[in-house]
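What follows draws every value from the coordinates through simple rules; no lab data is involved. Everything quoted here is computed from the prediction, not taken from an experiment. Backbone-built Cβ (ideal geometry, glycine too); neighbour counts: all protein chains shown.
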Amino acid sequence: MSETEKAYAERTIAAYRVHAKKASRNWARGRRPSRFLREFAAALPPGGRVLDYGCGTGLEMAWLRSRGFRAEGVDGTLEFVLEARRRCPGSRVLHARFETIPLPPGRYDGIWCNAALLHVPPRELARQLEKLKRALRPGGWLGLTLAWGRGKRFVRRDWIPGRYFACTTRPEAAALLRDWALRRLAVAAGDGRRGRWIQVLGSWDNKACRG
Ligand SMILES: C[S@@+](CC[C@H](N)C(=O)[O-])C[C@H]1O[C@@H](n2cnc3c(N)ncnc32)[C@H](O)[C@@H]1O
C-alpha cells in the first residue's frame with residue numbers, strides 16, 4: 001500500500017464529515033429495511049444482542065431495536081454517531097475506527113455490517129473479519145455487504161467525493177470466508193442502493209477457534 005493509500009481511513013472519514021448532512025438526508029429518504037436485513041434478523045434469537053458495525057446514522061440499528069433486539073453501534077464519523085445516538089436513545093453507539101476498536105470476545109448474537117467494510121483495503125478486511133468472528137457467540141451470525149467487483153481506489157467523482165473503495169469479487173469473498181458456515185454468499189442488486197453487492201450471511205462456532 002502506498003503512503004497516500006495508508007491514509008484511506010482519514011480521507012474517507014474526512015469526506016463523510018464534510019458531506020454528513022447530505023449523506024444523512026439521502027440515506028433517510030425512502031429507506032426501508034432491506035430484504036437482506038430482514039433475513040439477517042430472522043436468523044437471530046429473539047431479543048439477541050446485535051452490533052451494527054459501521055452503523056452510519058443508525059437507521060438500521062433503529063429498525064433492529066424496533067424488532068426487539070438489543071442493538072449497539074460503532075462508526076468512525078462523529079456526526080453520524082451523534083445522530084445514531086439521538087435515533088437510538090439508550091443504545092451504546094461508539095465513535096471509533098474499525099482499525100483500532102477492540103471488540104469483546106463472544107458478546108454478540110449477530111453483527112450487521114452493511115456497506116461499511118468496503119472502505120478498507122483487502123488485507124485490513126481480512127483482519128476485520130477475524131475480529132468480528134471472535135466477537136460473535138458460538139452460532140452467532142454475521143450479515144455483511146461489500147461492493148461487488150474489482151478495483152480499489154479513492155473515488156473523486158461521486159456524491160461524496162474522496163472516499164476510498166475496495167471492491168470484492170465472489171471468489172475473493174469465498175476465500176476470505178472459507179472457515180465460516182455460509183447460509184448465503186450471493187452477488188445481488190442493491191436492495192435500495194445502486195450497483196451490485198456481495199451479500200454474506202455466515203455463522204461461526206467459536207469452539208472451533210480454540211488453540
Ligand atoms: C456507506 S456508509 C453505511 C452506513 C450504514 N451501514 C448504512 O447502511 O446506512 C459507510 C459507513 O462506514 C463508516 N466508516 C468508513 N470507514 C470507517 C472506518 N475506517 N472506521 C469506522 N467507520 C468507518 C462511515 O462513517 C459510514 O458511516
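Amide H contacts under 5 Å for ARG67: none, restricted to partners 5 or more places along the chain or on a different chain, H placed in the peptide plane at 1.01 Å from N. If only the Cβ of Lys and Arg carry +1 and only the Cβ of Asp and Glu carry -1, the dipole of the chain around its Cα centre is close to 460 debye. Name the residue from GLY190, VAL155, LEU144 whose Cα lies farthest towards the positive end of the charge dipole of the range 87-211, charges +1 on Cβ of Lys and Arg and -1 on Cβ of Asp and Glu. Value: VAL155.
If you take all other residues with their beta carbon under 11 Å from the beta carbon of ARG97, and give Lys and Arg +1 and Asp and Glu -1, the sum is -4.
Adding -39500 (n - 2.57) for every DSSP H run of four residues or longer, then dividing by how many residues the chain holds, sets the calculated 222 nm ellipticity at -9500 deg cm²/dmol.
The distance separating the Cα centre of the range 119-172 from that of the range 30-82 comes to 18 Å.
The alpha-carbon of LYS131 sits under 17 angstrom from the alpha-carbons of these aspartates and glutamates, leaving out residues fewer than 8 places away in its chain: ASP52, GLU72, ASP75, GLU99, ASP109, ASP179, ASP205.
Loop-resident GluC sites (Glu not before Pro) (DSSP state other than H, G, I, E or B) in the range 41-103 with no more than 13 further Cβ atoms inside 10 Å of their Cβ: GLU99. Listed from fewest to most Cβ neighbours within 10 Å, the set THR12, THR169 follows the order THR169, THR12.
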